[in-house]
Amino acid sequence: MHKPAGILVSGNHFKTIANALQQNLKTSTLADATKPQPVHRLDFATTGILLIGKTSKSIRTLNQRFENKNIKKTYFAVTIGSMTNKAGTITTHIEDKVAQSLYSVEQTVSSKRFGQLNLVKLEPLTGRRHQLRIHLSQLGNPILGDKDYGIKDLILNGKGMYLHAYSLEFVHPFKQENMNLKSELPERFLKLFP
């Protein structure tokens, strides 16, 4: 499913994706059908593809595949400022654990306010909290609209954060088919990078 910005995936709140799924998705017809639930998380401000499980076995299997890094996640972000290296690997420690992300700059445009804006393709190789946001900030190129890791004078208020979960690639837990699920870039990304 596509997750919009500004809504929690789960947690101790009424308005979450997890709470809305039961009313909006058909229940599985398999014997181990359960309440549909997300099998991974996206930040409150992140848009994009969110994988949902509808059976106990699929939820367990997909959770295990995320944990074992058998699901390839691709994101796109809009970053601020000139990026010296057009591709690379970022390796740091986040909360005393190794965190690693691949990145490549797909397109760059000039901006009066920000100098340059970059459309950056990202692939997290580990799954630390706020990993991509922290990594890009550490490069000196924070994500446009990131209020937590952005540059104080360059925070973009009211437009949201420009981080989008673009695709998930994995083997289907039952059919054993290769799956490549995508959530196309939002219109606001395309306006910056036509």
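The values are calculated or read from the model by the stated rules, or taken from the named source; none is laboratory data. Here the structure is a predicted model, which is why all the values come from computation and not from measurement. Here Cβ is always computed from backbone atoms with ideal geometry, including for glycine, and neighbour counts include all displayed protein chains. Protein only, heavy atoms only, side chains kept; ligands, DNA and RNA dropped before computing areas. Shrake-Rupley method; radii C 1.70, N 1.55, O 1.52, S 1.80 Å.
Key figures for this structure:
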quantity: Of all residues making up region 148-185, the number that are free of Cβ contacts under 8 Å to residues at least 24 places away in the same chain and out of contact with any helix residue (DSSP H, G or I) (no Cβ under 8 Å at 6 or more places or on another chain); calculated: 14
quantity: Among the candidates Asn19, Asn85, residue that is modelled with pLDDT of 90 or more and either open to solvent by 30 Å² or more (accessible area, probe 1.4 Å) or charged (D, E, K, R) (or both); calculated: Asn85
quantity: Breaking point among (1) surrounded by 19 or more Cβ atoms within 10 Å (Cβ to Cβ); (2) among the β-branched types (Val, Ile, Thr); (3) more than 24 Å from Arg133 (Cβ to Cβ), for Ile90; calculated: (3)
quantity: Near pairs, Cβ below 8 angstrom, 6+ apart or cross-chain, from region 9-25 (under 16 Å from Asp43 (Cβ atoms) and in a loop (DSSP other than H, G, I, E, B)) to any residue that is basic (Lys, Arg) and open to solvent by 100 Å² or more (accessible area, probe 1.4 Å); calculated: Val9/Arg41; Ser10/Arg41
quantity: Strands (runs of 3 or more DSSP E) wholly inside region 82-157 containing at least 3 residues that are closer than 19 Å to Asn70 by Cα; calculated: 97-111, 115-124
quantity: Scan of region 26-55 for residues that are farther than 16 Å from Ser183 by Cα, outside any strand (DSSP E or B) and β-branched (Val, Ile, Thr), ordered by number; calculated: Thr27, Thr29, Val39
quantity: Extreme residue, nearest to Phe76 (Cα to Cα), among residues of region 156-194 that are of a type in the set (Asp, Glu) and loosely packed, with under 11 Cβ neighbours inside 10 Å; calculated: Glu187
quantity: Residue that is least open to solvent (accessible area, probe 1.4 Å) [pool: residues in region 111-124 that are out of contact with any strand residue (DSSP E or B) (no Cβ under 6 Å at 6 or more places or on another chain) and either touching a residue at least 24 places away in the same chain (Cβ under 8 Å) or of a type in the set (Ser, Thr, Tyr) (or both)]; calculated: Gly115
quantity: Total residues in region 62-81, condition assigned to a helix (DSSP H, G or I) and not hydrophobic (A, V, I, L, M, F, W, C); calculated: 4
quantity: Members of region 71-88 found to be of a type in the set (Val, Ile, Thr) and under 22 Å from Lys152 (Cα atoms), listed by number; calculated: Val78, Thr79, Ile80, Thr84
quantity: Hits in region 45-70 (condition: among the hydrophobic types (A, V, I, L, M, F, W, C), over 19 Å from Leu163 (Cα atoms) and open to solvent by less than 20 Å² (accessible area, probe 1.4 Å)); calculated: Ile59, Leu62
quantity: Conditions (1) open to solvent by 30 Å² or more (accessible area, probe 1.4 Å); (2) closer than 30 Å to Gln22 by Cα; (3) out of contact with any helix residue (DSSP H, G or I) (no Cβ under 8 Å at 6 or more places or on another chain); (4) small (Gly, Ala, Ser): number failed by Gly127; calculated: (3)
quantity: Count - residues of region 1-41 that are of a type in the set (A, V, I, L, M) and over 12 Å from Gly53 (Cβ atoms); calculated: 7
quantity: Subset tally (residues that are touching a residue at least 40 places away in the same chain (Cβ under 8 Å) and open to solvent by 40 Å² or more (accessible area, probe 1.4 Å)) for region 26-42; calculated: 0
